[in-house]
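The values are calculated or read from the model by the stated rules, or taken from the named source; none is laboratory data. None of the values given here were measured: they were computed from a predicted structure. Reconstructed Cβ throughout: ideal geometry from the backbone, glycine too, with neighbour counts over all protein chains shown.
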Amino acid sequence: MSSRTFGSAIRRREDPRLLTGLGTYTDDLSLPNMAHAAMLRSPHAHATIVSLDTSKAAKAPGVLAVYTGKDTAPALKPMPCAWLLPNAGLNIAEYPLVALDTVRYVGDIVAVVVAQTPYQAYDALDLIEVKYKTLPAVVDPEKSAKGTGAPIHASVPGNQAFKWTVAGGDADAAFAAPGAVVVHDRIIQNRLIPTPMETRSALAQWTAATGELTLWNTTQNPHIVRFIGSLVMGVPEDKLRVVAPEVGGGFGAKIAQYPADFLTCFCAMKLNRPVKWTETRSENYIATTHGRDHVQDVALCGTKDGKITGVRGTVWAGMGAYLSTAAPGIPTILHGLMLCGPYLIDNVKEDVYGLYTNTTPVEAYRGAGRPEATYLLERLIDRFAHAIGKDPAEVRRINLIPKFDNGHNVATGLTYDSGNYHGALDKIMAHVDYAGLRKQQAEARAKGRYMGIGICTYVEVCGLGPSQVAGAIGFQGGLWESAIVRFHPSGKVNVFIGTKPHGQGEETTFAQIVSSELGVDVNDVKVMHGDTDKTPMGWGTYGSRTTAVGGAALAVALRKIKDKATALAAHLLEAPVEDMDYADGRFFVKGAPAKAKTIQDIALMANVAWNMPAGMEAGLEASSFYDPPNFVYPFGAHVAVVDVDPATGAIDLKRYACVDDCGPQINPMIVEGQVHGGVVQGLGQALWEEAIYADNGQLVTGTLMDYAIPRADVLPEIEVLSTVTPSPHHPLGVKGIGEAGTIVSTCTMYNAVVDALRPLGVDTVPMPMTPERVWRAVQTAKKGA
Amino acid sequence: MYAPSFDYHRASSVAEAQKLLAANPGAKLLAGGHSLLPVLKLRLAAPSALIDLGRIAELKGVSAANGGVRIGAMTTHAEIATSPVLAKSCGIVAEAAAQIGDMAVRNRGTIGGSVAHADPAADLPTVLVAVGATMEIAGAGGATRTVAAADFFQGMMTTALGDGEILTAVWVPALGAGTGAAYAKFAHPASRYAVIGAAASLTVKNGACERAIIIVGGVTATPTALPSVAAALTGSNLSAEAIAAAAGKAAGDLTGDLMGDVFASSEYRRHVTGAYVARAVAAAAARAR
Ligand SMILES: Cc1cc2nc3c(=O)[nH]c(=O)nc-3n(C[C@H](O)[C@H](O)[C@H](O)COP(=O)(O)OP(=O)(O)OC[C@H]3O[C@@H](n4cnc5c(N)ncnc54)[C@H](O)[C@@H]3O)c2cc1C
């Protein structure tokens, strides 16, 4: 069996259990004597609680307890915000687990019922009597800034959570330069609902005798749950075990910490019996964090011959009623710092206002801040190209940063690691025959058909990230990752990682790394994750960081193993260490490969320790805590081809092709899958998805009958290509790929649709570009003409 | 999503189901459950009991009958979509059934449940009115009656079914030589229900349209005829121009209260219905010739 599995498209070992229904999710777990919790959630977006009577519910069949804020407030600290954005006047409003006197969004928890069965718990919810006095609500961040609604938090003047500015060069001067071509746009980044297949769930078990609490929880970062959970609940970190079993999708929504999870723990501790809580789908839509929700007022300036000289803007970012765990960093650090994109843009300035609104808290959602940056930039570039009468691909080519291998500084202050942006653009243009497509488009237009081509280039920042930077930007944690590699006497390997794969396939790719580095059969490696009692500390899966940081930790640990194995092999072969050579899992004296010690031989000898060199410890195990020196910066170029029917507004996506560069690919099939999923989620924002709130704060798209997520049968075959530009600082050269597709596909799709409709005079369509909105854009353009 | 508690009864015959209905005030009939159960789980309704029709053999199946096709009320959309009998005699019904929801919905949902529920965005009501179907209804005392589809759908989620009545079958006529019918749909991207559903049934003789029936749903609370479109088609040669001109009259026929929501306003639906009518007419014309 070859050990060269790095780079091979082997099948995901996760899939057999997942596809045959044998995966164990939190809600699949059951403990003896387990009770069930249900949350009473506010039906109003903004109201004071006049009275709250739980007496009838408490007497209902099967009910064990009903708790309100009066019970929980003394025992539980408010939910902390864990991204303390500096220099931004951050104003964190108190976020109680259960509302005390005011509810601030539809979904705010008002009471908790615990009963013998979930049915009894939900029946009892209906018996809780709450009198509300409703207050005016505000759902739009820009309106919130302007004082619509009633103030949301007494401690927050103007509903402003923060104001953050990014600036580099002199944007105002660039815009004022004589002859500058200026294009302007006002963009609504539609609010999205992450919609993981598995809704959130928690199961808590309290062992009173030892003071130990175990929480099974669907999360992207069990160690963060433990860290924050211990602060909120006062259970010491050493006595709090968090287990994340199979996690059915997160997309950022399962980074955040939630009141309901800790309330489930509270109930278990109070009642001294296991308690489970699982969201219903309707509850998930109002109670689990949303994504995006910006109003962007932005402009770009450049020269008549196509050189972009500046980008400037103001963003109003909706944060929801409370600041969720990582929320302040998303529309700022992860958004504003990426405003140069892959281009040589010397002057940028953006003010970002974070606003409280009477809506579900907003958090990271696949791409988290970066799609909102790429989108505004790519949309402005198409406007600019149109204004100066140049092809959009050409304008991109003019402005792309030339190829670099080791560091390029951009105006926002970041240092990109490596890039070959022209390479990606050339490859996608050749693949789709861009010139040919433009010719087809001209022919289609002549026949009255509205064909459009969208082309975008992008770079994104991921692999979060150097811990020192994390500290400097106010992230209340580290961003390193850890791995322990343990060789058993038989040569089989367990890898324990601190991060938490939940669909990305690292059980497979990490085994491939082990196999490639040390020559063991990929099937002899098992990757363990998701249990704080069994795995080393880690910070979780988000920001496309698990392979970019956790994979690096693994590589470093493996190299430690290799060093020890080399020394032990030298000892056993009675040769100096300097004379040793290694190939494919075999250690031998240079020039004498026939007399080798295999890694399995070494594992056995290290574990039995009969004959160790002086001073060498027994065992073959190594760990690494890897803190990356920089972020990684994947990039690429995407193309969408559409036909739009102006009579109905229907969009037909004919073709979607992409080139993405995430460095060397450990498993190209998994990379392709990540690109697919990412692209499709980005298309969701462009075409279908939008959390619509009525002005009174009711979520109108509150079920899957109203909120449309992409489905396979409405999508074309996605053509996935790649280039390979290694990261100079990653031990394996790899970059992240989990979010890339989402970051660029939304604007690629948007630009294609607007390109199709340009002959009709359309220059903008609000997202999601539903048939009615396209149709209205056409009607408006007709009236204007 | 947890439904409030209810009693459950399984009937093995229509007569037994009627007895159970009489004995359980506030009970609801349960067919595929695809409309009823979500309503219960959202706690928008709390019937005292459900009477499951799922095991009543006499309510199932598609068969040729009386110069047409009889479809038992408990026949699933999937069976209808793939029925060779329907494909031969009245293909538009199968065509519409094939576009309902997704595979899981078609495997559970039934024609009886769909028409009894009478959702304005459902597909089958529109085509059943277009082809002139007849509903067979078993009354409380064992009496049976029939109601023409056009009279059956009385309002949004309101039908001619009275208390204690059970829909037993839907009979559709064979279209006959020279008649073609087709259904064109604009599906909601989330629910897949019809935002606009357009059914056309055309009879063609010597290249000219002798009779045209145009019914739309989704855009209206109940299946609605478009008389101006039909009139413009009648006597025409069904050329592309003739179809476009006739379909252009659709908005003029849609004058009453129209359906509208955040996804598709009534104004939008009114203006683009013609485009779907044109598609249905063109397909029906091709089949009629
Ligand atoms: C996700 C989803 C997507 C859907 N998409 C579409 C779509 O695109 N197009 C479309 O047309 N439909 C669609 N539907 C509806 C579905 O196709 C069913 O037709 C519909 O839910 C009702 O059929 P049922 O058999 O499930 O009835 P049930 O839900 O069991 O019953 C519905 C109602 O009819 C009553 N009833 C049932 N049978 C009888 C009877 N024999 N006599 C008297 N009363 C009766 C019940 O008491 C109840 O009030 C969709 C449903 C879902 C859940």
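Scanning region A:299-339 for residues that are more than 17 Å from A:Ile401 (Cα to Cα), in a loop (DSSP other than H, G, I, E, B) and aliphatic (A, V, I, L, M) yields A:Ala321, A:Leu323, A:Ala326, A:Ile330. Of the candidates A:Thr648, A:Thr703, the single residue that is surrounded by fewer than 24 Cβ atoms within 10 Å (Cβ to Cβ), over 15 Å from A:Met769 (Cα atoms), among the polar types (S, T, N, Q) and within 14 Å of another protein chain (Cβ to nearest Cβ) is A:Thr703. The single condition among (1) surrounded by fewer than 24 Cβ atoms within 10 Å (Cβ to Cβ); (2) more than 14 Å from the ligand (Cβ to nearest atom); (3) not charged (D, E, K, R) that B:Ala200 does not meet is (1). Looking only at residues in region A:578-602 that are outside any helix (DSSP H, G or I) and of a type in the set (D, E, K, R), which one is surrounded by the most Cβ atoms within 10 Å (Cβ to Cβ)? Here the answer is A:Lys597. Looking at this structure, is A:Leu263 out of contact with any helix residue (DSSP H, G or I) (no Cβ under 6 Å at 6 or more places or on another chain), in a loop (DSSP other than H, G, I, E, B) and aliphatic (A, V, I, L, M)? Against the criterion (out of contact with any helix residue (DSSP H, G or I) (no Cβ under 6 Å at 6 or more places or on another chain), in a loop (DSSP other than H, G, I, E, B) and aliphatic (A, V, I, L, M)), A:Leu263 does not qualify.
Determine, yes or no, whether B:Thr82 is outside the structural domain of B:Val195 (by TED's automatic domain parsing) and near the ligand (Cβ under 9 Å from one of its atoms).
Values: outside the structural domain of B:Val195 (by TED's automatic domain parsing): yes; near the ligand (Cβ under 9 Å from one of its atoms): no.
No; evaluated as a whole, the condition is false for this residue.
Between A:Val112, A:Val106, the distinction of being aliphatic (A, V, I, L, M), under 30 Å from A:Asn272 (Cβ atoms), buried (at least 22 other Cβ atoms within 10 Å of the Cβ) and away from chain B (no Cβ under 14 Å) belongs to A:Val112 only.
Could you please let me know if B:Tyr276 is in contact with a Lys or Arg (Cβ under 8 Å, 6 or more places away or on another chain), within 16 Å of the ligand (Cβ to nearest atom), in a helix (DSSP H, G or I) and of a type outside the set (S, T, N, Q)? I'd like the intermediate steps shown before the answer.
Details: in contact with a Lys or Arg (Cβ under 8 Å, 6 or more places away or on another chain): yes; within 16 Å of the ligand (Cβ to nearest atom): yes; in a helix (DSSP H, G or I): yes; of a type outside the set (S, T, N, Q): yes.
Criteria met by B:Tyr276.
Given the condition within 14 Å of chain A (Cβ to nearest Cβ) and small (Gly, Ala, Ser), answer yes or no: does some residue in region B:142-159 qualify?
Let us first name the residues in region B:142-159 that are within 14 Å of chain A (Cβ to nearest Cβ), namely none.
No, region B:142-159 contains no residue that is within 14 Å of chain A (Cβ to nearest Cβ) and small (Gly, Ala, Ser).
Restricting to region A:340-375, give me the number of residues that are among the basic types (Lys, Arg) and part of a loop (DSSP other than H, G, I, E, B).
Step one: filter region A:340-375 for residues among the basic types (Lys, Arg), giving A:349, A:366, A:370.
Okay, now just the ones that are also part of a loop (DSSP other than H, G, I, E, B), so A:366.
Total satisfying the criteria: 1.
Residues that are in contact with a strand residue (DSSP E or B) (Cβ under 7 Å, 6 or more places away or on another chain) and surrounded by 23 or more Cβ atoms within 10 Å (Cβ to Cβ) within region B:273-287 comprise B:Thr273, B:Tyr276, B:Val277, B:Ala280, B:Val281, B:Ala284, B:Ala285, listed in sequence order. Do we find a residue being assigned by TED's automatic domain parsing to the domain that holds A:Ala596, of a type outside the set (Lys, Arg), within 29 Å of the chain's Cα centre (by Cα) and in a strand (DSSP E or B) anywhere in region A:503-525? Yes, region A:503-525 contains at least one residue that is assigned by TED's automatic domain parsing to the domain that holds A:Ala596, of a type outside the set (Lys, Arg), within 29 Å of the chain's Cα centre (by Cα) and in a strand (DSSP E or B). Do we find a residue being surrounded by fewer than 17 Cβ atoms within 10 Å (Cβ to Cβ), assigned to a loop (DSSP other than H, G, I, E, B), within 14 Å of chain A (Cβ to nearest Cβ) and in contact with a helix residue (DSSP H, G or I) (Cβ under 9 Å, 6 or more places away or on another chain) anywhere in region B:228-250? Within region B:228-250, one or more residues are surrounded by fewer than 17 Cβ atoms within 10 Å (Cβ to Cβ), assigned to a loop (DSSP other than H, G, I, E, B), within 14 Å of chain A (Cβ to nearest Cβ) and in contact with a helix residue (DSSP H, G or I) (Cβ under 9 Å, 6 or more places away or on another chain).
Residue-by-condition table, conditions (1) outside any loop (DSSP other than H, G, I, E, B); (2) more than 8 Å from the ligand (Cβ to nearest atom):
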| position | (1), (2) |
| --- | --- |
| B:Asn107 | yes, yes |
| B:Ala121 | no, no |
| B:Val127 | yes, yes |
| B:Gly142 | no, yes |
| B:Val147 | yes, yes |
| B:Asp151 | yes, yes |
| B:Leu161 | no, no |
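Of the residues making up region A:559-575, none is outside the structural domain of A:Lys239 (by TED's automatic domain parsing) and over 24 Å from A:Asn607 (Cβ atoms).
Name every residue in region B:58-79 that is of a type in the set (A, V, I, L, M, F, W, C) and either within 14 Å of the ligand (Cβ to nearest atom) or touching a Cys at 6+ places or on another chain (Cβ under 7 Å) (or both), in order of residue number.
Of all residues in region B:58-79, those of a type in the set (A, V, I, L, M, F, W, C) come to B:59, B:62, B:64-65, B:69, B:71, B:73-74, B:78.
Scanning region B:58-79 gives B:Leu59, B:Val69, B:Ile71, B:Ala73, B:Met74, B:Ala78.
A count restricted to region A:706-746 and to residues that are at positive phi and either in contact with a strand residue (DSSP E or B) (Cβ under 9 Å, 6 or more places away or on another chain) or within 14 Å of another protein chain (Cβ to nearest Cβ) (or both) stands at 0. Of the numbered criteria (1) within 22 Å of the chain's Cα centre (by Cα); (2) more than 13 Å from every other protein chain (Cβ to nearest Cβ); (3) over 22 Å from B:Ser114 (Cα atoms), the one B:Ser266 fails is (2).
Once region A:747-785 is narrowed to residues that are in a helix (DSSP H, G or I) and in contact with a Ser or Thr (Cβ under 8 Å, 6 or more places away or on another chain), the residue that is nearest to the other protein chains (Cβ to nearest Cβ) is A:Glu772.
From B:His34, B:His77, grab the single residue that is within 14 Å of chain A (Cβ to nearest Cβ) and within 17 Å of the chain's Cα centre (by Cα).
Details: B:His77 fails: within 14 Å of chain A (Cβ to nearest Cβ).
Residue meeting the stated conditions: B:His34.
Among residues that are surrounded by 22 or more Cβ atoms within 10 Å (Cβ to Cβ), among the aliphatic types (A, V, I, L, M) and either within 14 Å of chain A (Cβ to nearest Cβ) or away from the ligand (no atom under 14 Å from the Cβ) (or both), B:Ala181 is included. Taking the listed residues B:Gly101, B:Gly68, B:Gly91, B:Gly109, the one that is touching a helix residue (DSSP H, G or I) at 6+ places or on another chain (Cβ under 9 Å), on the phi > 0 side of the Ramachandran plot, at pLDDT 95 or above and surrounded by 15 or more Cβ atoms within 10 Å (Cβ to Cβ) is B:Gly101, with no other qualifying. Looking across region B:94-105, just one residue is away from the ligand (no atom under 12 Å from the Cβ) and in contact (Cβ under 8 Å) with a residue 24 or more places away in the chain, and that is B:Glu95.
The number of residues in region A:708-723 being farther than 21 Å from B:Ala187 by Cβ and loosely packed, with under 14 Cβ neighbours inside 10 Å comes to 1.
Can you name every residue in region A:731-750 that is aliphatic (A, V, I, L, M) and either surrounded by fewer than 24 Cβ atoms within 10 Å (Cβ to Cβ) or under 17 Å from A:Leu192 (Cβ atoms) (or both)? A:Leu732, A:Ile743, A:Val744, A:Met749 - these are the residues of region A:731-750 that are aliphatic (A, V, I, L, M) and either surrounded by fewer than 24 Cβ atoms within 10 Å (Cβ to Cβ) or under 17 Å from A:Leu192 (Cβ atoms) (or both).
Based on this model, can you work out whether B:Leu21 counts as within 13 Å of the ligand (Cβ to nearest atom), within 14 Å of chain A (Cβ to nearest Cβ) and in contact (Cβ under 8 Å) with a residue 24 or more places away in the chain? Quick ask: steps written out before the conclusion?
Details: within 13 Å of the ligand (Cβ to nearest atom): yes; within 14 Å of chain A (Cβ to nearest Cβ): no; in contact (Cβ under 8 Å) with a residue 24 or more places away in the chain: yes.
Criteria not met by B:Leu21.
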